[in-house]
Structures are given as C-alpha cells and as structure tokens.
1. For the range 224-356, just the Cα atoms, rotate onto the principal axes and tell me the three extents in Å, largest first.
2. Would you calculate the volume per residue, in Å³, of the smallest convex hull containing every Cα atom of the range 3-354?
3. Calculate, axis by axis, the spread of Cα positions in the range 113-234 along the three principal axes, and write the results as whole Å, longest axis first.
4. If one computes the Cα centroid of the range 333-348 and of the range 248-279, what distance in Å separates the two points?
5. How big is the convex hull of the Cα atoms of the range 30-184, per residue, in Å³?
6. Students often check this: by mean Cβ neighbours within 10 Å, which of 208-215, 267-274, 83-90, 189-196 ranks highest, and how do the rest follow?
7. Based on the Cα gyration tensor of the range 53-92, what are the three equivalent ellipsoid semi-axes, each the root of five times an eigenvalue, rounded to whole Å and given largest first?
8. Give me the tail of P(r) for the range 249-298 as a percent: Cα-Cα pairs with distance above 19 Å.
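A short reminder: the numbers here are calculations on the coordinates, not readings from a lab. Source: prediction; values computed, not measured. Note that each Cβ is placed from the backbone with ideal geometry, even for glycine, and that neighbours are counted across all protein chains shown.
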C-alpha cells in the first residue's frame, strides 16, 4: 500500500496536540510525542505513532488512565517497587527510570520493579534515558493483553507476548551499545505494519492455527488465529519466560495467564530493571579502553559489521526530515483523531493534512 511522508517536526506536534486534546497534561503529552515519534525515527514503526489508535481505544474504554504519578510500594534503598496505576506508559516509565537513576546515582546501583503501566513502548528508549545520565541498565519486560501472541517452543498455541530484553551500555566519547529486541522472532507491531502494508513477513516468524509455518501476517488478525514463534527456538523461549517472571510476577504485576486480563484494548507492561553506574565498578579507563579495542577488532573485517544500536542511529539520520506512514495506518490515525475530537469536544486535525 502507498506510503505518505509526514514531516518529522509536524508529526511530533500532531501527537502532542492529540494527547493534550485527549486530556494529557503538558508533560505527559510531550513525553508521549517524544517517545512515539522517536520510535519511528529509530526505524521501529511497530512501536511508533501506529500505536495511537489502540491507545485511544483503551482510553475511551476507561482502561488507560491519563496524568498518573508512580507511587512507591517498596523502598529498600537500592531496591524499589513502583506502581504505575494504569497510567500512560510513556510518562510512567519515564518517572520510574528517573527514580531508578537517582537511586543509582546515590548508591551505585538500583533494582527497580514497575507494575501496572500502560504500554511503555520501545524499551530501548528507557535504556537510552539511563545512558544519557551516564548509567548502564538491563531491562526484563513482560506484557499482558487480551490476546496471547507467542507460542512456546514445542507448542502451537500462544501463551505470552513478545517480552523484550534490553541492555544499554554508555561509552565515553563513543556511541553507546544498545541491545533491544523482542523474544519473539519478530515484534508483533512489525506484523501489524506488514499486515497494513499488505506485505509478507520473513520466514520463520509465524505459524498458522494448525501450527504450520507461514509468512502471511493475516494469521495474527483474521480467524483462525495463528501465533508468533520465539527467536532462536528454545533459547528465545527461555528468555521470554525469564522476562515474564521477572518483569511480571517479581515486579508485582500480572502474567499472561487466563483470568489475569479483563480489558479489551489495553496492553499492560511490567518491567524489572537494573540501573547501575559503571564507574563504580572500579574498572574506569580500563573498561573504556578494553571495550574500544574489542569493538574495533570485531568490526575490523569489513564496514558492514554493525554494533547494537547502529541501525537505530542510521534510521534517525534517514528520517530526520520526514517519517513514512502507510495508507492503512494513516487512515487509522485519522480515525483516532476524530474519536478524540468527538470525545473531548476539541478540534484535532487529521494527520493526513500534513502528508506530502
């Protein structure tokens, strides 16, 4: 399906305006725009503005709660447990990471559990927040929604979601290392993008309702439903289980089991994050020097060898001026704007008005 190009600055203003009209305060609307447009800029359209129609439906159904503040459930100094009260994930996760960073600054390390956050989006964004403050972080994230999406290794019926695993490592005077991937072979949002574009997905990512491999994204949207499969067979499945148990159960939130989710549109995230100051490890310049030497050696074979985080940096340069959005997603965003306008009584222009 044909794509439209939306000026990046205009897209950011549009998202900000939409959430202000929906009822978000100034900071929440700005954080949401920063995050969603940032995901598109990083090349992850699966976690970008295409999520807005589902967020709007969740809001209008009374599931997503705007303008929430995290509260502390457990405070043990270097260990904190936080509750997001079903608030906008882009604001809730930002608040949670600010707390974890402050504790890591004070103590050198913080183990933070976050529960009851609405969809927190691209988790790499939160690792980047830690990196910007000079801290490394490791994130285990689970998700709960009305529909399980990923089948366990050895099974054909979905039992969990795409449970991402994320690591951010700052480097002095060099680009950071940022590892951020779904434990499924492909993110669900990327299947949604393929479905909207009427294109196929790579082989080895999906199975149909009979457990047979398929490249047709329709199996995730049109009955009988199929499932995503874990990346790396049993290895991705095992890591997904760890993310479910640490990000969900240990953080005090729900897991993707029957009866844990009664909402129709929401995606609830739990996250367990370790945030720490690499300088407190005592390796200092030794770490920086050894990391540089190792990375240079790994990449010495040819220029096509990338480091984790390089694809996102390249995409940001390519999309600095405009973001491509397929026709189906654009229509969904226009409809979401109209829904917000009807519910709020405030004018919200269609995104297509900005299209090139």
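1. Reported extents, whole Å, longest axis first: 59, 45, 36.
2. In the range 3-354, the Cα convex hull volume per residue is 140 Å³.
3. Sorted from largest, the Cα extents of the range 113-234 read 50, 29, 28 Å.
4. Comparing the Cα centres of the range 333-348 and the range 248-279, I get a distance of 30 Å.
5. 131 Å³
6. Descending packing order for the listed peptides: 267-274, 83-90, 189-196, 208-215.
7. In descending order, the three semi-axes are 26, 8, 7 Å.
8. On the way: 706 of 1225 pairs.
Result: 58 percent of Cα pairs exceed 19 Å.
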